[in-house]
Amino acid sequence: MARDITRRHFLNAGAGVAATATGAWMSRSAQGEESVAGDSDQLKIVAVSCSPRRGMTTSTGLQIALEAAQEVAPERIEVELVDLGGLSIPGAPAANIALQPGEKDDFPEVAAKLAVPNLAGLLVGTPVYFASMSYLCKAFLDRCGMFRRADFALSGKVGGVLAVGGVRSGGQELAIGSIFPILMCQEMVLVGEGRPTGHFGARLWNRDDDILADEFGVSTAQALGRRVAEVCLERAANAR
Ligand SMILES: Cc1cc2nc3c(=O)[nH]c(=O)nc-3n(C[C@H](O)[C@H](O)[C@H](O)COP(=O)(O)O)c2cc1C
């Protein structure tokens, strides 16, 4: 049975995502199969940086991952970094609580970037905040509940997670592990960074805000980007 996403889903979710994005979003075939690549051959991978510090190490780590993802198939893979730093992403609307009068909400614009028909992969990047994700990351992921309510619109998208801590073993794995179950609730397909290290995602150590100094961490970010891209391509090939 074909399941159409309508503008109502967004309005009910309090998100108000641009109708232009929703019209084309998640087109499904007559057999009810979700089209992974949409109408084009291009596969889009979006990375969302959930540090309140715009353009800092989480953002740079994701940029590195996206560059590696694009190198896998430059003609097929399209990438975009969405930096939540400096944006206002209130969490309360996720619990159906209205915004305060005059309160700014940048989530609808962010959601519209995920609501593109050729979205194939989503990278979530967070700084480690006391061994877990940042408050901004939790607010973002809670607000993404609207995709779940909109007929599991992120179902089948490939998900990978990157975490940056202020020390080597400061809880990067715990932060990654705090995000995985949330992505599972969206029916996303989760991957780690694959070979050669083959663990849970990208784990970086911020030394004096110079993430490039962490050679090992950078290598996990690159591996994660490659792995997400490879699985996106595999899934698109299988969907043909
Ligand atoms: C509230 C808070 C809690 C933090 N807790 C941890 C922690 O548990 N483990 C850790 O390694 N780093 C911790 N850090 C350091 C940040 O994870 C680290 O500086 C990170 O690189 C920040 O990312 P950004 O450069 O993208 O902002 C914490 C920082 C803040 C502000």
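The lysines whose alpha-carbon is closer than 27 Å to the alpha-carbon of LYS44, local same-chain residues fewer than 8 away aside, are LYS113, LYS138, LYS157. Length gained on full extension, ALA237 to GLU75, computed as 0.36 nm times the residue gap minus the Cα-Cα distance: 56.8 nm. This model, with +1 at the C-beta of Lys and Arg and -1 at the C-beta of Asp and Glu, gives segment 7-239 a dipole about its Cα centre of some 560 debye. About its Cα centre, the dipole of segment 177-240 is roughly 380 debye, where the only charges are +1 on Lys and Arg Cβ and -1 on Asp and Glu Cβ. Taking amide H atoms as placed 1.01 Å from N in the peptide plane, the amide H of GLY55 lies under 5 Å from those of GLY85, each 5 or more residues away in sequence or on another chain.
Restricting the trypsin sites (Lys or Arg not before Pro) of segment 108-182 to loop positions (DSSP other than H, G, I, E, B) with no more than 11 neighbouring Cβ atoms within 10 Å leaves nothing. For segment 217-235, the residues whose amide N sits under 20 Å from a probe point set 7 Å from the Cα of PHE152 along the beta carbon direction are 232, 235.
Any read-out appearing in this document is the output of simple, stated calculations on the displayed coordinates, not a laboratory observation. Bear in mind the structure is a predicted one, so any value in this text is a computation, not a measurement. All Cβ positions, glycine included, derive from the backbone under ideal geometry; neighbour counts span all protein chains shown.
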